[in-house]
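Peer 1: Okay, here's the structure, questions in a sec.
The values are calculated or read from the model by the stated rules, or taken from the named source; none is laboratory data. In this text, all values refer to a predicted model and were calculated from it rather than measured experimentally. FYI the Cβ positions are ideal-geometry reconstructions off the backbone, even for glycines, and counts take in every protein chain you see.
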Amino acid sequence: MLEETILLNPSSKQFCVLNETSTLLWNCLSSPSTVEELAAEVCESFDGVDVATATADVRRVLEEFQRLDLIAESS
């Protein structure tokens, strides 16, 4: 079953539909996580995903979340 999440950014009034991978990452961000930790979670959750691909996907999704002002980079 495909899971999607719909987010609303109240300041921009934009909706964002997350696919299954982005939903997993969004849920993982409820606590501070590194890119490496998130990539490991992706590898554990999806069959056949290697660490390099997962890491690249995590970086891309986090950049998109930042671009949409859904998250802020921590210092």
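Peer 1: Go through the stretch 27-37 and give me each residue that's surrounded by 13 or more Cβ atoms within 10 Å (Cβ to Cβ) and touching a residue at least 24 places away in the same chain (Cβ under 8 Å).
Peer 2: 29, 35
Peer 1: So, residue 23, is that one in contact with a helix residue (DSSP H, G or I) (Cβ under 6 Å, 6 or more places away or on another chain) and within 16 Å of residue 61 (Cβ to Cβ) or not?
Peer 2: It is false that residue 23 is in contact with a helix residue (DSSP H, G or I) (Cβ under 6 Å, 6 or more places away or on another chain) and within 16 Å of residue 61 (Cβ to Cβ).
Results for (1) out of contact with any Gly (no Cβ under 6 Å at 6 or more places or on another chain); (2) more than 23 Å from residue 67 (Cα to Cα); (3) of a type in the set (D, E, K, R), shown as yes or no for each residue.
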{"site": "4", "(1), (2), (3)": "yes, no, yes"}
{"site": "14", "(1), (2), (3)": "yes, no, no"}
{"site": "22", "(1), (2), (3)": "yes, no, no"}
{"site": "27", "(1), (2), (3)": "yes, no, no"}
{"site": "35", "(1), (2), (3)": "yes, no, no"}
{"site": "38", "(1), (2), (3)": "yes, no, no"}
{"site": "44", "(1), (2), (3)": "yes, yes, yes"}
{"site": "47", "(1), (2), (3)": "yes, yes, yes"}
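Peer 1: Could I ask something else about it? For residue 7, which of the numbered conditions (1) surrounded by 15 or more Cβ atoms within 10 Å (Cβ to Cβ); (2) in a loop (DSSP other than H, G, I, E, B); (3) among the hydrophobic types (A, V, I, L, M, F, W, C) fails to hold?
Peer 2: In the conditions (1) surrounded by 15 or more Cβ atoms within 10 Å (Cβ to Cβ); (2) in a loop (DSSP other than H, G, I, E, B); (3) among the hydrophobic types (A, V, I, L, M, F, W, C), residue 7 misses (2) alone.
Peer 1: Return the residue satisfying two criteria in turn: it lies in the stretch 43-63 and is of a type outside the set (A, V, I, L, M) and free of Cβ contacts under 8 Å to residues at least 12 places away in the same chain, and of such residues it is surrounded by the most Cβ atoms within 10 Å (Cβ to Cβ).
Peer 2: Per the criteria, the residue is 43.
Peer 1: Given (1) at positive phi; (2) modelled with pLDDT under 90; (3) not hydrophobic (A, V, I, L, M, F, W, C), where does residue 4 come up short, assuming only one miss?
Peer 2: Only one criterion is unmet by residue 4, namely (1).
Peer 1: Filter the stretch 17-58 for residues that are outside any helix (DSSP H, G or I) and either within 12 Å of the chain's Cα centre (by Cα) or among the β-branched types (Val, Ile, Thr) (or both) and give the result.
Peer 2: 17, 18, 19, 29, 30, 33, 34, 49 - these are the residues of the stretch 17-58 that are outside any helix (DSSP H, G or I) and either within 12 Å of the chain's Cα centre (by Cα) or among the β-branched types (Val, Ile, Thr) (or both).
Peer 1: Sticking with this one: Within the stretch 64-75, count every residue that is surrounded by 12 or more Cβ atoms within 10 Å (Cβ to Cβ), of a type outside the set (Phe, Trp, Tyr) and part of a helix (DSSP H, G or I).
Peer 2: Summing the residues that are surrounded by 12 or more Cβ atoms within 10 Å (Cβ to Cβ), of a type outside the set (Phe, Trp, Tyr) and part of a helix (DSSP H, G or I) in the stretch 64-75 gives 2.
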